[in-house]
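Remarks on the structure that follows.
The values are calculated or read from the model by the stated rules, or taken from the named source; none is laboratory data. The shown structure was predicted, so the numbers you read here are calculated from the model rather than taken from an experiment. Methodologically, a virtual Cβ is constructed for each residue, glycine included, from the backbone with ideal geometry; neighbour enumeration extends over all protein chains shown.
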Amino acid sequence: MSAIPVVKFGGTSMQGQFRFGPNEERLLEELHRMDKVNEIYRTLAQRRNDARARRLSEVARDFILPMTESGNVPVVIVSAFDWATDKLDHLAAAITSDPSPREYARLLMSGELRANSALAMSLEEKGCPARSMTGREAGIVTGGGPVGAYIERVESQHVAELVEKGIVPVVAGFQGYYHEPESGRDEVSILGRGGSNLTAVALAHALGQEECTMFSDVDGVYDKDPRRHEDARRFGEISADDVFAMDPFPQVIQREALQFACDRGINVWIVSAFEPGKDGTLIICR
């Protein structure tokens, strides 16, 4: 199969930052004096969405469009916006201490669905055909029930057909589907935390690719946390065995995803989602 870039954007990479200037601060102070709590929350939500829209536009413009313009239609996998999964998990816990696994999975998977449809809209706004896809639509078949599932196989025909037509598939990570024998119906499932990494590696393998790229808020694998240590050193290339031996395990990739990549010989790039073209780290899994 011809080269198809398979790329994944994490939640922090999709989030965007919003800061209040003097005008916004005065507005919030006035609303606070008027005891309009709902208006304060609404204003905060609007500013957050404005920041997300700007960030999604940057992701589309700086990373995805250059691929399509060079003739390489990518398959894009996205996580939920930063903290979205935690907030949904907290919502479930606030409702019940023992949620139905089926409903819990459906609640948590909604974070990725919001993010991937928003990115698809941003791409289309720039004239790039795109299609948001659930894990089921992308052919992610899982085992192990609705929560903490594992990937059994990927039926990637629909994804490949979209690429062939010049349409960018924007796949919701962290989710798939399985057949429930008792009901005779297909049901949705969620993978473990960080499961969007696993979705990306599995799709790369199913599409016959030798590598996939994880766009992260950290521009590679370091010998220590670069956010805490100024002398941290980034690896240009590192073996998967050496990554597994690191303590603590680097947060830029899920352990299960890296093991999946090793088992199937898929090399993994870790690169910056904020500095286009900057060198990253190649994890050798072949």
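Is one or more of the residues making up region 139-154 over 19 Å from the mean Cα position of the chain (by Cα) and of a type in the set (A, V, I, L, M, F, W, C)? Taking every residue of region 139-154 in turn, none turns out to be over 19 Å from the mean Cα position of the chain (by Cα) and of a type in the set (A, V, I, L, M, F, W, C). For beta carbons closer than 6 Å, sequence separation of 6+ or different chains, a first residue in region 61-82 that is at pLDDT below 95 and a second that is part of a helix (DSSP H, G or I) and surrounded by 14 or more Cβ atoms within 10 Å (Cβ to Cβ), the qualifying pairs are 81/11; 81/14; 81/15; 81/115; 82/11; 82/12; 82/15. Flag: residue 108 matches the condition of being in a helix (DSSP H, G or I) and buried (at least 17 other Cβ atoms within 10 Å of the Cβ). Within region 119-145, if we keep just the residues that are touching an Asp or Glu at 6+ places or on another chain (Cβ under 7 Å) and crowded, with 23+ Cβ neighbours inside 10 Å, the residue that is nearest to residue 260 (Cα to Cα) turns out to be 142. Of everything listed in (1) closer than 23 Å to residue 117 by Cβ; (2) at pLDDT 75 or above, the single unmet condition for residue 18 is (2).
For (1) within 19 Å of residue 199 (Cα to Cα); (2) in a helix (DSSP H, G or I), each residue gets a yes or a no:
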| position | (1), (2) |
| --- | --- |
| 85 | yes, yes |
| 90 | no, yes |
| 93 | no, yes |
| 102 | no, yes |
| 115 | yes, yes |
| 122 | no, yes |
| 132 | yes, no |
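Pick out the one residue from 96, 142, 134 that is assigned by TED's automatic domain parsing to the domain that holds residue 200, free of Cβ contacts under 8 Å to residues at least 24 places away in the same chain and not aromatic (Phe, Trp, Tyr). Being assigned by TED's automatic domain parsing to the domain that holds residue 200, free of Cβ contacts under 8 Å to residues at least 24 places away in the same chain and not aromatic (Phe, Trp, Tyr) holds for just one of 96, 142, 134, which is 96. Only one of the listed residues (266, 238, 283, 253) is of a type in the set (Val, Ile, Thr) and either surrounded by fewer than 18 Cβ atoms within 10 Å (Cβ to Cβ) or under 19 Å from residue 193 (Cβ atoms) (or both). That residue is 253.
Every residue, every condition in (1) under 21 Å from the mean Cα position of the chain (by Cα); (2) among the hydroxyl-bearing types (Ser, Thr, Tyr); (3) in the same structural domain as residue 149 (by TED's automatic domain parsing), yes or no:
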position: 199; (1), (2), (3): yes, yes, yes
position: 204; (1), (2), (3): yes, no, yes
position: 215; (1), (2), (3): yes, no, no
position: 218; (1), (2), (3): yes, no, no
position: 230; (1), (2), (3): no, no, no
position: 239; (1), (2), (3): no, yes, no
position: 258; (1), (2), (3): yes, no, no
position: 263; (1), (2), (3): no, no, no
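Cβ separations smaller than 9 Å between residues 6+ apart or across chains give the following pairs from region 161-177 residues that are within 24 Å of residue 146 (Cα to Cα) and among the aromatic types (Phe, Trp, Tyr) to residues that are modelled with pLDDT under 95 and in a loop (DSSP other than H, G, I, E, B): 174/192; 174/193; 174/194.
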